[in-house]
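Peer 1: Below you will find the structure I want to go over with you.
The values are calculated or read from the model by the stated rules, or taken from the named source; none is laboratory data. Given the structure is predicted, the values throughout are model-derived calculations rather than measurements. Here the Cβ positions follow ideal geometry from the backbone for every residue, glycine too, while neighbour counts run over all protein chains shown.
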Amino acid sequence: MFRRAITSVNTMATRFVGHTRVQVAKPANIVRQSPFLTDDGMFYDMNPLSRPIVRKGWASPVSGTIVDFVKAEARDAELVTQFWLEGFRESSNVCVHLGLTYDELHEMLSNWVTEMLDTGDVILGFDGTKLACLQLMRYHYEHEYEELFAGELPGHPNPKFIIKDDYAQDITSYPLPRNSARLACFLDDLVRQTGKFLPADVKSYCVFEATYVHKTYQKDRMGSVLINLAVEATLRRNVIHGVGYCVAMGTRKIALAQQWTPLFDALYKDYKDNGKPVFYDMHDGAMGSLQTYKKLV
C-alpha cells in the first residue's frame, strides 16, 4: 500500500520526499473522461508489448487467462495513475474510510507514479490489450537515511515505536485538506520510524509500494506473480532488502504468509486527531498498519 505524503495545495507546490523538497505542479483541471477507460470499466492500451517485456504468456492457474507483464515507461504516467486511483478509491481501507476524492487522490498518486517511473520500477500486467494489474516499487539508499529516518538509523539496539498523545498539531502543519493531511501524517510517521527497526546491514532497500489487481481478475492469483516479479526487479538492481507497509488486513496476511518479518505495529486506535481516533471500524477489519521486512536472498 502507498505510504508517502505529498504536501501541496497551490498551483506550484512543495512535496517532501524523504530528505528532499521537490517542486511539483498541481493539475489545474482533472478530466475524468479517460482516454484509457471504456464503458466496461476496463483500462486499455492497444500495444502493450511495445514496452520492455518482463514475462510473456503467464497463464492463471484458476481461469487460464493469459497475461503479459511489461515494465511501464514514462509515457504511461497517466495510465498508471488512473488505473491505481480508480482501484484504490474502491478497495483501499484507508481511502474508503476517509472518503478521499478523485481530485485529492489524483494529486497525490500522480506525483508518486512519476517518481517511481523515473527512479523505481512499475510493472503492468495485460490480458491482451486490457490492463489487469500493476506493481509499484520505490528504492532508498544509505545516503538518504539520516534525514529519511530523522537520525534513528538501522541497527538500533532497542527500537521502540513512539506514539504521540495526539497528532492534531502535526496534521494541521500539512498544507492539505484535513482528510488528506490525516493520511499523509500517519504514513510519514511510519516511514520516519522504520529505520531504527532495520538490521544494521541494510544499506539499501526496496519499498513494495503497491500491488493492485483489477476486481475482474482478483481470483486469478496475479498478486503472487506480481510480488515475485517485484523481487526479481529488486535483485536486478543489486538491492537485497525489502520493506512493506501493510495498512490493510489483506496485505498483512499475504506478508506474514510469505514469511516477511514484522518490524512494528501501528494501531489505528492510537492515531488521534483532537482526541479522536482517525481510523476506526475499518471495513476490512484491520486494527492497524503492520510494517514488515524481508531479506530477499
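Peer 1: Return the pair list, or none, for Cβ contacts closer than 8 Å from residues in the range 151-180 that are touching a residue at least 40 places away in the same chain (Cβ under 8 Å) and in a loop (DSSP other than H, G, I, E, B) to residues that are hydrophobic (A, V, I, L, M, F, W, C) and loosely packed, with under 13 Cβ neighbours inside 10 Å, at least 6 apart or on different chains.
Peer 2: Every condition considered, the pairs that remain are Pro154/Ala200; Gly155/Ala200.
Peer 1: Which of the residues spanning the range 121-150 are in a loop (DSSP other than H, G, I, E, B) and crowded, with 20+ Cβ neighbours inside 10 Å?
Peer 2: Listed by number, the list holds a single entry, Phe149.
Peer 1: In addition: Of Leu235, Leu229, Leu190, Leu183, which residue is in contact (Cβ under 8 Å) with a residue 60 or more places away in the chain, within 20 Å of His156 (Cβ to Cβ) and either part of a loop (DSSP other than H, G, I, E, B) or not hydroxyl-bearing (Ser, Thr, Tyr) (or both)?
Peer 2: Checking each option against the conditions leaves just Leu190.
Peer 1: To continue, here is another question. Output yes when any residue across the range 63-82 is part of a helix (DSSP H, G or I) and within 24 Å of Ser289 (Cα to Cα), and no when none is.
Peer 2: Looking for residues that are part of a helix (DSSP H, G or I) and within 24 Å of Ser289 (Cα to Cα), one finds at least one in the range 63-82, hence yes.
Peer 1: I've got another one for you. Quick check: is even one residue across the range 107-120 closer than 28 Å to Tyr205 by Cβ, buried (at least 19 other Cβ atoms within 10 Å of the Cβ), free of Cβ contacts under 8 Å to residues at least 40 places away in the same chain and not hydroxyl-bearing (Ser, Thr, Tyr)?
Peer 2: The answer is yes, given that some residue of the range 107-120 is closer than 28 Å to Tyr205 by Cβ, buried (at least 19 other Cβ atoms within 10 Å of the Cβ), free of Cβ contacts under 8 Å to residues at least 40 places away in the same chain and not hydroxyl-bearing (Ser, Thr, Tyr).
Peer 1: Quick check on the range 40-78: of everything there that is over 20 Å from Gly223 (Cβ atoms) and hydroxyl-bearing (Ser, Thr, Tyr), which residue is modelled with the highest pLDDT?
Peer 2: Ser50
Peer 1: In this structure, is Gly195 in contact (Cβ under 8 Å) with a residue 12 or more places away in the chain, more than 26 Å from Gly64 (Cα to Cα) and small (Gly, Ala, Ser)?
Peer 2: The answer is yes for Gly195.
Peer 1: Considering only residues of the range 95-116 that are out of contact with any Lys or Arg (no Cβ under 9 Å at 6 or more places or on another chain) and aliphatic (A, V, I, L, M), which is farthest from Pro48 (Cα to Cα)?
Peer 2: Leu109
Peer 1: Within the range 62-80, can you find the residues that are buried (at least 20 other Cβ atoms within 10 Å of the Cβ) and either small (Gly, Ala, Ser) or in contact with a His (Cβ under 9 Å, 6 or more places away or on another chain) (or both)?
Peer 2: Ala72
Peer 1: Determine if the range 111-120 includes at least one residue that is among the polar types (S, T, N, Q) and in a loop (DSSP other than H, G, I, E, B).
Peer 2: So far as the range 111-120 goes, no, none of its residues is among the polar types (S, T, N, Q) and in a loop (DSSP other than H, G, I, E, B).
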